[in-house]
1. Taking Cα centroids, how far is segment B:177-209 from segment A:220-277 in Å?
2. Compute, for A:Val331, the solvent-accessible surface of its heavy atoms (probe 1.4 Å) with the complete set of protein chains present, and express it in square angstrom to the nearest 10.
3. Between A:Leu269, A:Ala309, A:Ala181, whose Cα lies farthest towards the positive end of the dipole of chain A when Lys and Arg beta carbons carry +1 and Asp and Glu beta carbons carry -1, centred on the Cα centre?
4. So which residues in segment A:116-130 end up with at least 10 square angstrom less accessible surface once the other protein chains are there, compared with the chain by itself, probe 1.4 angstrom?
5. Within 10 Å, at most 15 other Cβ atoms, and a DSSP state outside H, G, I, E, B define an exposed site. Report the longest part of chain A free of exposed GluC sites (Glu not before Pro).
6. Please build a GNM for chain B, connecting alpha carbons under 10 Å apart, and tell me which residue among B:Gln92, B:Gln306, B:Gln22 fluctuates the most.
7. What gaps in nm, shortest first, separate A:Gly168 from its twins in the other copies when you place the label 7 Å past Cα toward the beta carbon?
8. What ³J(HN,Hα) values, in whole Hz, does the Karplus curve 6.51 cos²θ - 1.76 cosθ + 1.60 give for segment A:224-238 when θ = phi - 60°, with x put for Gly and Pro?
Protein chains: 2
Amino acid sequence: MARRRQSVTIKHVAADAGVSLQTVSRVINNEPNVRPAMKERVQASIDKLGYVPSIAAQRMSGSRSYLILALNDRERTIAEWTAREGGDWVDQMLLGGMLKAAEHGYRMLIELVDTHDDHIERELGAALSALHPDGVVLTPPHSENPQIIGLLAEHGIRFARIGSKADGPGIALTMDDEGSAADATRHLVELGHKRIGFIAGPEEYSLSDWRIDGWRAAMDEAGLPTDGLCRRGDFGYDSGVRAARELLALDRRPTAIIASSDHMTLATLETARESGLDVPRDLSLISFDNTPIVRFTNPRLTAIDQPIAATIARAVELLIDRDAEPPAQPVTISGELRIRQSTAAPLSDD
Amino acid sequence: MARRRQSVTIKHVAADAGVSLQTVSRVINNEPNVRPAMKERVQASIDKLGYVPSIAAQRMSGSRSYLILALNDRERTIAEWTAREGGDWVDQMLLGGMLKAAEHGYRMLIELVDTHDDHIERELGAALSALHPDGVVLTPPHSENPQIIGLLAEHGIRFARIGSKADGPGIALTMDDEGSAADATRHLVELGHKRIGFIAGPEEYSLSDWRIDGWRAAMDEAGLPTDGLCRRGDFGYDSGVRAARELLALDRRPTAIIASSDHMTLATLETARESGLDVPRDLSLISFDNTPIVRFTNPRLTAIDQPIAATIARAVELLIDRDAEPPAQPVTISGELRIRQSTAAPLSDD
DNA sequence: CTGAAAGCGCTAACAA
DNA sequence: TTGTTAGCGCTTTCAG
């Protein structure tokens, strides 16, 4: 029976190489003040014995924990997983964050936290005390939650705020919601659309408003009116139906709609169909998410690809590099418009 | 600036409660030999101070690490994440495993490992040495990889093999592939189908063959022939197209097909359509995956819901409960057939 | 039933 | 440039 103790420890390496523990430690951590010959000898022993430092022991001695904690909204995440309708936010997070973390010898751990919870501090505090992560990635709607931010700052833990431009502690990163919304709008303008509706996300997410700003800016730029063409949803299907019904019932209904989530876009697609409208002939549609869903609708949806993986990867990178000065300005990773089949020139050009 | 050291330690609690460290430790670990009054007093201090033990320190002193490692195939997983086509295996793993682990104060960490790699031992060994997980969940095709199993056994780490019935160390769990395939087949038989084709998965996965067995058994039971009605794919789309073409080109083509993955089912759907066949009028179709894809095809696909979350949850539970005798027989969690729109009675009843 | 001492594997601080 | 010492927070002996 194997023992629970670590098989190969720093002691074994030190003994094998005939040096002190400290020297081995220096080699492991790539510290200066080790003669090349020495370093080589130690490295040889490390390789020979297949030694890998224990993260727990490293943490214990006041060094890093090599752990990055990614915080997601519990309710929304579980709902997505249970529904199995193609939401792949967590997968994209892992794709970007986990792989980038691994490059640096770090691991990324997912933690679900209720935003609307009274004991959020206790919950998150427990995770921090138990794990002592070297960095935390906050995703909306946690990114601007003052309790979370306060707690993290208090613990002196580095953290990144995805989808936040606010000042304050932590590194702010955005996916250029404003620019993406403007891009999508311009694409429709170029196709000849004049009445472009917008279905926004909930106010709880500040990125909801940035998207409205982008749409409005591009409309202004083209000299087009926006009055009455914006509705708000909660990212969910039902709210999308409501918003779409209202927009399509307008006297002069929009010939194109941009919706701030895949589910709201899907809802708009179905609602349009029920009203006898063909997409893209009678109505052009752009989704503000490039989740799996957009590939399986008919027609396939033109969508803004939000660079989730790239953004999380960047966040992890910034979190890990402790020497670098954290960026003073919000970091922006821009998305791209993926043109598919749901956008076309409007029928008449009134 | 906050300090890197743990804010509230066992010492603080001991001091606050006026007892020894050891007593606090006993209370934390719910050990016997503590008087109720004492226990209560200590617990009060713990609550008051918001104390949570450091996992690293617990690990260091030879106790548990409260970590479960879930091993997935690197190549396949990254391909799924990158394609964004609705594969949600990892999400289901997290849904089942992470939540169950959390119930017991454990965390689940995902690790990607190449099966076809020469240095798989080094790679996995490094993860084990660094993390010292209390348990490991192996998913196909890792579940029967002798190198992995050997290494785990050697390290004395408990592990679960998902999708494996083989004897040997570790806990074997299956999703009743045979039974599910038989169920699906019977459903088609009851609808009146007599020629039911089967598109199997690659031999590398032993569950591929169990599914064939189930299909064959149900066909035998109904007195129906299976000769020439089985083709093999690799779970991917292209292989599904090939298999479907062959089956549909048969002299007396099948009136129904069961495919062993969502992508192969999708491929069959498209191939049938190209041949001018309507699903389900001319061809009934059952998918062996209930991933998001099946909800977005037209028609929506009847599918076998594999209880991934439930199975992983069970695995984690068995891994965590160290006192319980590990099950001698493979644990089976059965899936269910979700009947949607892709199955119907055959046209003629020849 | 409770406490004191020793040590897990590693690194920070200091010494040589 | 290298080695020695002390200690991180906790649990395991072993005494009381």
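The values are calculated or read from the model by the stated rules, or taken from the named source; none is laboratory data. Keep in mind that what you see is a predicted model, and the values were worked out from it rather than measured. Here Cβ is always computed from backbone atoms with ideal geometry, including for glycine, and neighbour counts include all displayed protein chains. Please note that ligands, DNA and RNA were not included when accessible areas were found on the heavy atoms of the full protein model with its side chains. Shrake-Rupley method; radii C 1.70, N 1.55, O 1.52, S 1.80 Å.
1. When both Cα centres are located, 44 Å separates them.
2. For A:Val331, solvent-accessible area is about 20 Å².
3. Positive-most Cα among the choices belongs to A:Ala309.
4. For segment A:116-130, once contacts with the other chains are taken into account, A:Ala126, A:Ser129, A:Ala130 lose 10 Å² or more.
5. Between the exposed loop sites, the longest stretch runs A:1-202.
6. Between B:Gln92, B:Gln306, B:Gln22, it is B:Gln22 that shows the largest mean-square fluctuation.
7. Here A:Gly168 shows inter-copy label distances of 5.2 nm.
8. Running phi through 6.51 cos²θ - 1.76 cosθ + 1.60 with θ = phi - 60° gives 9, x, 10, 4, x, 9, 10, 10, 10, x, 10, 6, x, 4, 4 Hz.
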